[in-house]
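Single-structure report; data block below.
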Amino acid sequence: MTAPDLGGAPTAISVDSALSCVDIHKSFGGAKAVNGATFSVPKGSITALIGPNGAGKTTVVNILSGSLSSDSGRVMMGDTDITALPSYQRARLGLIRTFQLSRELGGLTVFENLMVAAKVQPGESLMNVYLRPGLVRQAEKESRERAASILEQYGLYDLRDNWARELSGGQKRLLEISRAVMAEPSLLLLDEPMAGVNPALIDRIGGHIHELKAAGVTVLMVEHNLGVVEKICDHVIVLAEGRTLATGLMSELRENTDVVRAYLGGVLDGRVDR
Amino acid sequence: MSPLVYYLFTLAFFVFAYCILGWGLNLQFGHGGILNFAYIGFVAIGAYVTGALSLGKPSGGQSYIFGFSLPFPVGLILGGLAACVFALLVSVLTFRRLRTDYLAMVLISLSLVLYDFINNFVPLFGGADGLTNVPEPFADALGLDTNTFVPFFAGVSLLVALLMWWVMSRITNSPFGRTLRASRDDDEATAALGKNVFKFRLISMLIGSFYAGVGGGLIVEFAGAFNTSAWLPGETFLIFAAVIVGGVGNNKGMILGALIVPVLFTQLPKFIPDIPGHPGLILNIAAMAIGVLLMLVLWFRPQGVIPEKKRLSKLPPLSERHRSTGAISAQLTTEETL
């Protein structure tokens with residue numbers, strides 16, 4: 001599959017991509033937040049979406065996840081055109097996201113946050129609640145065990161009965177990622193998962209992202225910490241002014257003068273925290 | 001029957017009726033986060049439809065639709081369903097496009113329009129005169145007089161309330177209730193987990209409105225009359241006050257809220273004789289007292305007298321879990337949680 005020519009921007013959409021977007025545009029009033037972004041996320045990869053502030057990264061993630069509709073352009077999940085699907089239908093196809101600012105469900109416990117995310121929930125139908133309580137109990141039992149395992153894996157087990165709103169910033173990050181894992185994603189969009197997180201926890205989160213990759217989950221993460229990008233990402237997409245500036249390995253992008261000028265210059269000069 | 005006993009049974013009836021009303025609003029507001037400022041309108045629809053279905057053909061200068069002389073449970077259920085149908089129309093028109101505060105504004109406007117429409121359109125439910133002489137359920141069949149009807153119907157209302165408590169408890173304790181509370185906390189994050197938030201809110205709106213309709217139906221059957229003065233749009237806030245004082249998101253708290261606000265602060269003062277020379281003063285003081293009570297609760301105990309309960313996982317401690325699974329995994333260290 002090949003995207004239309006965008007005048008110098010990378011246009012190739014890989015056949016074995018888990019997610020791709022073609023010529024995405026989005027304006028807010030007169031401000032163009034996304035201006036023809038086109039890229040693909042290779043299946044089974046950990047891909048970073050980087051770019052200077054205001055490059056349109058979060059807007060792109062919102063469009064990919066369906067939280068926001070684009071003015072034009074297409075979003076494909078594998079071979080399926082998901083452009084017109086609302087976010088909950090994209091999530092049911094396996095496209096799960098986290099948010100730039102942690103969005104814990106504060107009025108629920110940590111455990112309930114995970115239970116909500118379980119994919120198969122016959123108890124969400126009131127017919128089943130009244131007429132097939134055995135089916136609901138069985139599904140809840142299976143979800144409980146899965147939630148317990150994930151909480152343990154993510155180090156949140158001891159906090160399971162705390163209100164989610166009472167967690168620290170780092171714990172909320174972990175909760176959001178573990179909740180996303182509970183939803184059984186095939187493709188995970190992480191919007192700045194390391195933002196505001198202490199270095200010890202960054203390593204832990206990086207480890208979990210690697211575990212997800214090993215389990216076959218494709219990960220697209222917006223990240224400003226280029227040290228983290230270099231360490232855990234296979235593939236990098238650079239956005240600038242709402243366009244795809246370049247894609248490739250981090251080592252290749254360091255040699256790309258456009259990228260250096262638009263974003264990495266500060267890093268190379270030591271002005272951006274690596 | 002002594003006046004005191006009669007009076008206590010009357011208060012008991014209002015406790016049961018307001019519990020039903022409160023549980024409905026609590027599902028919408030406490031669990032679903034829907035600021036339904038038109039709630040009293042749904043109560044009124046249930047009351048009018050139940051009353052007009054229970055009455056026979058219009059006579060004696062009364063004007064209203066229906067007049068089918070339907071027996072008590074049928075009219076009550078249809079009253080609840082009528083409120084549901086209205087809720088469906090409102091929800092489909094508003095839920096997809098409007099969020100909490102804008103939705104609240106639309107709903108309060110709807111309440112005002114509905115009030116004016118029914119107050120002025122006489123052929124529908126009698127306009128400002130409303131419905132009168134609504135038959136007392138089972139009174140003829142059981143030979144009940146005014147004195148015996150009140151305790152009898154308080155008992156019937158208790159049974160209806162118990163049934164609706166059971167139904168509501170199953171809803172709020174189910175995965176449906178959990179997802180509804182999730183959508184209340186963050187609709188976008190909940191949708192991002194694959195949940196159709198619109199559907200959950202719509203269902204909670206319909207069920208809550210059914211409760212409103214049934215509560216309204218019970219009131220009209222008990223009082224034998226219903227007119228627009230009984231459901232001024234401000235009455236919605238009385239039920240909101242009961243939910244907030246009792247405990248948002250807690251069905252048990254709602255029982256306490258129903259006892260305190262609509263009964264002790266609203267129904268009870270109606271039985272206190274007027275102060276000579278100051279008619280209506282007691283009721284006005286009671287209304288002000290509700291405002292003061294609400295402010296005190298919001299200031300000192302915003303979660304309500306009985307707060308929303310924490311639904312514990314009932315999972316074993318980690319050490320016990322490790323013994324049973326044989327696995328050990330590292331929990332967060334102090335450095336990681338900082």
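The values are calculated or read from the model by the stated rules, or taken from the named source; none is laboratory data. Keep in mind that this is a model prediction, so the values were computed, not measured. Cβ: placed from backbone, ideal geometry, glycine included. Neighbour counts: every protein chain shown.
Would you say B:VAL49 is part of a helix (DSSP H, G or I), more than 22 Å from B:ILE255 (Cα to Cα) and out of contact with any Phe, Trp or Tyr (no Cβ under 7 Å at 6 or more places or on another chain)?
On the way: part of a helix (DSSP H, G or I): yes; more than 22 Å from B:ILE255 (Cα to Cα): yes; out of contact with any Phe, Trp or Tyr (no Cβ under 7 Å at 6 or more places or on another chain): yes.
For B:VAL49, the condition - part of a helix (DSSP H, G or I), more than 22 Å from B:ILE255 (Cα to Cα) and out of contact with any Phe, Trp or Tyr (no Cβ under 7 Å at 6 or more places or on another chain) - is met.
For the stretch B:230-247, check the following and say yes or no: at least one residue is surrounded by fewer than 16 Cβ atoms within 10 Å (Cβ to Cβ) and in a helix (DSSP H, G or I).
There is no residue in the stretch B:230-247 that is surrounded by fewer than 16 Cβ atoms within 10 Å (Cβ to Cβ) and in a helix (DSSP H, G or I).
Going by the conditions given, is B:GLY67 surrounded by 14 or more Cβ atoms within 10 Å (Cβ to Cβ) and within 14 Å of B:GLY41 (Cα to Cα)?
Numbers: surrounded by 14 or more Cβ atoms within 10 Å (Cβ to Cβ): yes; within 14 Å of B:GLY41 (Cα to Cα): no.
When the stated conditions are applied, B:GLY67 does not pass them.
Name the pairs: first residue in the stretch B:126-152 and closer than 17 Å to B:LEU53 by Cα, second residue small (Gly, Ala, Ser) and assigned to a loop (DSSP other than H, G, I, E, B), Cβ to Cβ under 7 Å, at least 6 apart or on different chains?
Every condition considered, the pairs that remain are B:GLY126/B:SER63; B:GLY130/B:ALA225; B:LEU131/B:ALA225; B:THR132/B:ALA225; B:ASN133/B:GLY224; B:VAL134/B:GLY224; B:VAL134/B:ALA225; B:GLU136/B:GLY224.
Can you say whether B:GLY130 is surrounded by fewer than 20 Cβ atoms within 10 Å (Cβ to Cβ) and out of contact with any Gly (no Cβ under 7 Å at 6 or more places or on another chain), as far as the supplied structure shows?
When the stated conditions are applied, B:GLY130 does not pass them.
Could you list, in sequence order, the residues of the stretch B:248-280 that are assigned to a loop (DSSP other than H, G, I, E, B) and crowded, with 23+ Cβ neighbours inside 10 Å? Don't jump to the end; show me each part of the working.
Here is the first cut: in the stretch B:248-280, the ones assigned to a loop (DSSP other than H, G, I, E, B) are B:248-250, B:271-274, B:276-277, B:279-280.
B:VAL248, B:GLY249, B:ASN250, listed by residue number.
Here are some residues: A:ASN62, A:ASN53, A:ASN113. Which one is within 25 Å of A:VAL229 (Cβ to Cβ) and either charged (D, E, K, R) or over 14 Å from the mean Cα position of the chain (by Cα) (or both)? Steps first, answer last, please.
Numbers: A:ASN62 fails: either charged (D, E, K, R) or over 14 Å from the mean Cα position of the chain (by Cα) (or both); A:ASN113 fails: within 25 Å of A:VAL229 (Cβ to Cβ).
None of the others qualify; the one that does is A:ASN53.
Residue check, B:PRO123 against (1) farther than 30 Å from B:TYR6 by Cα; (2) not in a helix (DSSP H, G or I), all met but one. Which one?
(2) is the only condition that B:PRO123 fails.
What's the number of the condition A:GLU145 fails, among (1) surrounded by fewer than 19 Cβ atoms within 10 Å (Cβ to Cβ); (2) farther than 30 Å from A:ILE237 by Cα; (3) at the interface with chain B (Cβ under 9 Å from one of its Cβ atoms)?
(3)
Kindly evaluate A:ILE96 against the criterion of being within 16 Å of A:ALA18 (Cα to Cα), β-branched (Val, Ile, Thr), in a strand (DSSP E or B) and within 14 Å of chain B (Cβ to nearest Cβ). Reasoning before the result, please.
Working: within 16 Å of A:ALA18 (Cα to Cα): yes; β-branched (Val, Ile, Thr): yes; in a strand (DSSP E or B): yes; within 14 Å of chain B (Cβ to nearest Cβ): yes.
It is true that A:ILE96 is within 16 Å of A:ALA18 (Cα to Cα), β-branched (Val, Ile, Thr), in a strand (DSSP E or B) and within 14 Å of chain B (Cβ to nearest Cβ).
Of the numbered conditions (1) more than 14 Å from chain A (Cβ to nearest Cβ); (2) modelled with pLDDT of 85 or more; (3) surrounded by 15 or more Cβ atoms within 10 Å (Cβ to Cβ), B:TRP299 satisfies every one except a single condition; which is it?
With (1) more than 14 Å from chain A (Cβ to nearest Cβ); (2) modelled with pLDDT of 85 or more; (3) surrounded by 15 or more Cβ atoms within 10 Å (Cβ to Cβ) applied to B:TRP299, the lone miss is (3).
Which condition breaks for A:LYS213 when tested against (1) surrounded by fewer than 21 Cβ atoms within 10 Å (Cβ to Cβ); (2) part of a loop (DSSP other than H, G, I, E, B); (3) modelled with pLDDT of 90 or more?
The single condition A:LYS213 does not satisfy is (2).
With the structure loaded, tell me whether A:ARG271 is modelled with pLDDT under 85 and either at positive phi or in a loop (DSSP other than H, G, I, E, B) (or both) or whether it fails that test. Walk me through it before giving the result.
Working: modelled with pLDDT under 85: yes; either at positive phi or in a loop (DSSP other than H, G, I, E, B) (or both): yes.
Yes.
Being over 27 Å from B:LEU163 (Cβ atoms) and either touching a Cys at 6+ places or on another chain (Cβ under 7 Å) or not hydrophobic (A, V, I, L, M, F, W, C) (or both) narrows it down to one residue among B:THR228, B:THR266, B:THR236; which is it?
On the way: B:THR266 fails: over 27 Å from B:LEU163 (Cβ atoms); B:THR236 fails: over 27 Å from B:LEU163 (Cβ atoms).
Residue meeting the stated conditions: B:THR228.
Restricting attention to the stretch B:166-190, and to residues there that are surrounded by 22 or more Cβ atoms within 10 Å (Cβ to Cβ) and among the small types (Gly, Ala, Ser), which single residue is nearest to the chain's Cα centre (by Cα)?
The extreme case among them is B:GLY177.
Looking for something more than 10 Å from every other protein chain (Cβ to nearest Cβ) and in contact with a strand residue (DSSP E or B) (Cβ under 8 Å, 6 or more places away or on another chain) - is there at least one such residue anywhere in the stretch A:149-167?
no
Pull out all pairs, ordered by first then second residue, where Cβ-Cβ is under 8 Å, the residues are six or more apart or on different chains, the first lies in the stretch B:55-73 and is part of a helix (DSSP H, G or I), and the second is of a type outside the set (Lys, Arg).
B:PHE72/B:SER54; B:PHE72/B:PRO137; B:PHE72/B:PHE138; B:PHE72/B:GLU221
Considering only the stretch B:86-109, I want to know if a residue exists there that is more than 19 Å from B:LEU202 (Cα to Cα), in contact with a Ser or Thr (Cβ under 7 Å, 6 or more places away or on another chain) and without any contact (Cβ under 8 Å) to a residue 24 or more places away in the chain. Reasoning before the result, please.
Within the stretch B:86-109, the subset more than 19 Å from B:LEU202 (Cα to Cα) is B:109.
Cutting the leftovers down to in contact with a Ser or Thr (Cβ under 7 Å, 6 or more places away or on another chain) gives us none.
No, because not a single residue in the stretch B:86-109 is more than 19 Å from B:LEU202 (Cα to Cα), in contact with a Ser or Thr (Cβ under 7 Å, 6 or more places away or on another chain) and without any contact (Cβ under 8 Å) to a residue 24 or more places away in the chain.
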